[in-house]
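The values are calculated or read from the model by the stated rules, or taken from the named source; none is laboratory data. Note that the coordinates shown come from a computational prediction; the quantities given were computed from them, not determined experimentally. Ideal geometry is used to build each Cβ from the backbone, glycine not excepted, and the neighbour counts take in all protein chains shown. Just the protein is used for accessible areas: all its heavy atoms, side chains included, with ligands, DNA and RNA removed. Shrake-Rupley method; radii C 1.70, N 1.55, O 1.52, S 1.80 Å.
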Amino acid sequence: MGEQSDPPGTAQSGQSRPLIIAANRLPVTRTEDGWAASPGGLVRALLPSVRDSGGKWVGWTGIADDEASLDGPIHLEGIEMHAVPLSASEIEDYYEGFSNDTLWPLYHDALRDSGYGAGDWEAYRIVNQRFANILAEIAPPDAMVWVHDYQLQLVPAMLRSQRTDVRIGFFNHIPFPPSELFVRLPWRNEIVEGLLGADLIGFQRRRGAENFAAVAEQLLDATVEFDDQPGDSRSIGVISRPGSAHVTRIGPFPISIDVGEFEELAAGRSTRQRVSSLRTRLGEPEVILLGVDRLDYTKGIGSRLKAFGALLDEGRLDPERHVLVQVATPTREGVDHYREERAEIERLVGEINGEHARVGYPVIHYFHRSLSLEDLIPLYRVADVMLVTPFRDGMNLVAKEYVATRLDHDGVLVLSEFTGAADELTDAVLVNPHDDEALKDAIETAVAMHRHERRSRMEAMRSLVVEHDVDHWASRFLAELAG
Ligand code: ADQ
């Protein structure tokens with residue numbers, strides 16, 4: 001871990017109210033013998049506080065019409081997990097429909113054909129109410145309830161109307177859009193009302209908090225006061241409404257990763273062995289470029305591939321010296337836009353390899369699959385240039401993971417200005433991914449960067465990531481929520 005931090009929600013916040021986490025998915029997977037925990041960095045950061053405070057976890061198991069959801073809580077990792085049952089049609093309407101086909105593109109200013117279906121909204125409302133009802137039933141007196149992400153924006157107010165003793169936090173993992181976009185949403189007032197049920201709303205960036213403040217003022221006649229000057233990346237704003245004693249604090253809480261885990265795996269013997277064999281298997285190129293993303297249209301994978309292909313076409317990169325590895329995790333395959341995105345990416349990979357590959361040596365090595373950390377980290381270690389070029393991204397943890405694994409203080413990060421990570425990782429080669437020429441220039445700059453400059457930029461980024469790891473994030477949020 002980058003710094004000695006107290007478990008979130010306990011020592012730093014000076015209290016130990018039971019901590020309840022609510023998120024769309026429970027951190028569990030079904031196995032032949034029952035349930036297994038499936039913790040990522042975020043879950044690992046929160047589990048100790050939930051367990052030590054006698055807290056609980058609430059979410060969907062990931063299985064439609066899961067009868068086991070009705071069998072009572074799942075006991076794993078020393079905590080009680082409460083499953084929220086969802087039917088197949090609710091998954092289609094609440095999750096794939098309203099969450100992923102309406103809110104996701106709108107919040108990422110990735111506007112597609114309008115997907116504002118009243119049926120999807122109704123399912124979203126019903127599922128949010130179900131979460132709130134379960135939380136109201138299982139939360140111990142005076143608990144802190146931390147609700148996560150855009151699938152559950154109505155839960156704070158729905159819970160507050162049933163339980164005034166609990167403190168309610170909400171964290172938005174994705175961007176919060178500017179009001180010009182947000183007000184397209186037919187149910188815009190309901191969403192803002194829902195969120196304002198919270199005592200504290202965290203955003204990845206200051207800009208998200210400001211965007212939310214603007215819509216609260218515009219739509220609900222709220223008053224917002226920030227405790228500092230606009231532009232301060234850490235400040236807290238207070239939102240109040242006429243005739244209501246309840247106030248909501250808002251602010252930026254940039255999320256991070258479990259740095260210690262990445263460093264440990266990166267330093268391990270098996271990683272070192274895999275790194276050298278990977279370079280050999282890729283044909284000993286001079287420069288290995290890497291992209292690692294969920295296969296999502298917001299991640300800008302297609303533009304990145306086109307920029308790489310154009311640099312080869314123009315002779316600015318050389319297929320014998322430069323190769324790109326692109327790993328794309330399958331995601332949301334039930335949503336049409338995702339199927340179209342996959343087809344386009346695979347067409348581009350075929351086209352560019354068709355033009356530039358030699359027998360036995362593709363210029364793009366493409367993998368459509370999810371990798372274990374044991375397979376992912378050697379890729380980060382072998383990559384001379386990491387390409388993180390989303391059109392919009394709340395934070396982007398891949399950028400931080402890459403930096404955390406570079407124990408050699410080498411490697412160049414090309415990073416989109418439109419990620420939350422760009423606020424902190426200012427020593428990356430920052431780029432506007434909508435600008436094709438700028439994208440090509442940024443890749444070329446990264447490939448040609450001198451070792452001395454690579455080192456000084458990576459050292460600066462590493463010290464920032466090491467200091468601000470996921471425990472730091474969780475502790476700050478929970479201390480503010482308790483305060
Ligand atoms: P995501 O959109 O999923 O998260 P990101 O932050 O990059 O984006 O996290 C992706 C995670 O998946 C990383 O931990 C990465 O290692 C992993 N991953 C990606 N491809 C993989 C592969 N092929 N195999 C295995 N693992 C892979 C949302 C928001 C982000 C925000 C996070 C956390 O969209 O902006 O940073 O939540 O708040």
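Listed values, structure above:
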| item | result |
| --- | --- |
| Any pair with Cβ under 6 angstrom, 6 or more apart, that starts in region 171-191 at a residue that is within 14 Å of the ligand (Cβ to nearest atom) and ends at one that is in a helix (DSSP H, G or I) | Ile174/Tyr107; Ile174/Tyr150; Pro175/Tyr107; Pro175/Gly208; Phe176/Gly208; Phe176/Asn211; Phe176/Phe212; Pro177/Tyr107 |
| Counted residues, region 33-70 - those being within 19 Å of Asn172 (Cα to Cα) and either outside the structural domain of Ile138 (by TED's automatic domain parsing) or in a strand (DSSP E or B) (or both) | 4 |
| Spans of strands (runs of 3 or more DSSP E) in region 129-242 with at least 2 residues surrounded by 18 or more Cβ atoms within 10 Å (Cβ to Cβ) and touching a strand residue (DSSP E or B) at 6+ places or on another chain (Cβ under 6 Å) | 144-148, 167-171, 200-203, 237-240 |
| Given (1) within 17 Å of Thr298 (Cα to Cα); (2) surrounded by fewer than 17 Cβ atoms within 10 Å (Cβ to Cβ); (3) in contact with a Pro (Cβ under 9 Å, 6 or more places away or on another chain), number of the condition Ala421 does not satisfy | (2) |
| Enumerated helices (runs of 4 or more DSSP H) restricted to region 245-330, each holding at least 2 residues that are open to solvent by less than 10 Å² (accessible area, probe 1.4 Å) and touching a strand residue (DSSP E or B) at 6+ places or on another chain (Cβ under 6 Å) | 301-313 |
| Residue satisfying all of: in region 45-87; open to solvent by less than 20 Å² (accessible area, probe 1.4 Å) and within 16 Å of the ligand (Cβ to nearest atom); farthest from Arg476 (Cα to Cα) among these | Gly59 |
| Test: residue in region 392-407 that is away from the ligand (no atom under 16 Å from the Cβ), open to solvent by 10 Å² or more (accessible area, probe 1.4 Å) and under 28 Å from Glu286 (Cβ atoms) | yes |
| Flag for Val429 being more than 21 Å from Val43 (Cβ to Cβ), β-branched (Val, Ile, Thr) and in contact with a Lys or Arg (Cβ under 9 Å, 6 or more places away or on another chain) | yes |
| Where a residue in region 327-343 is more than 19 Å from Leu290 (Cβ to Cβ) and its partner, wherever it lies, is among the hydroxyl-bearing types (Ser, Thr, Tyr) and within 11 Å of the ligand (Cβ to nearest atom), with Cβ under 8 Å and at least six apart | Tyr338/Thr331 |
| Yes/no for Gly483 being touching a Phe, Trp or Tyr at 6+ places or on another chain (Cβ under 8 Å), more than 15 Å from Gly300 (Cα to Cα) and either surrounded by fewer than 18 Cβ atoms within 10 Å (Cβ to Cβ) or free of Cβ contacts under 8 Å to residues at least 60 places away in the same chain (or both) | no |
| So Arg392, is it closer than 25 Å to Arg279 by Cβ and either without any contact (Cβ under 8 Å) to a residue 40 or more places away in the chain or charged (D, E, K, R) (or both) | no |
| Test: residue in region 76-86 that is in contact with a helix residue (DSSP H, G or I) (Cβ under 8 Å, 6 or more places away or on another chain) and within 28 Å of Thr298 (Cβ to Cβ) | yes |
| Residue ID - nearest to the ligand (Cβ to nearest atom), chosen from residues in region 344-380 that are assigned to a helix (DSSP H, G or I) and open to solvent by 60 Å² or more (accessible area, probe 1.4 Å) | Asp375 |
| Residue match in region 369-389 (condition: of a type outside the set (Val, Ile, Thr) and over 28 Å from Glu263 (Cβ atoms)) | no |
| Selection count, region 287-302, where residues are out of contact with any Leu (no Cβ under 8 Å at 6 or more places or on another chain) and either without any contact (Cβ under 8 Å) to a residue 60 or more places away in the chain or closer than 16 Å to Pro433 by Cα (or both) | 7 |
| Matching option when the condition is in contact (Cβ under 8 Å) with a residue 60 or more places away in the chain, open to solvent by less than 10 Å² (accessible area, probe 1.4 Å) and not small (Gly, Ala, Ser), among Leu42, Leu106, Leu111 | Leu106 |
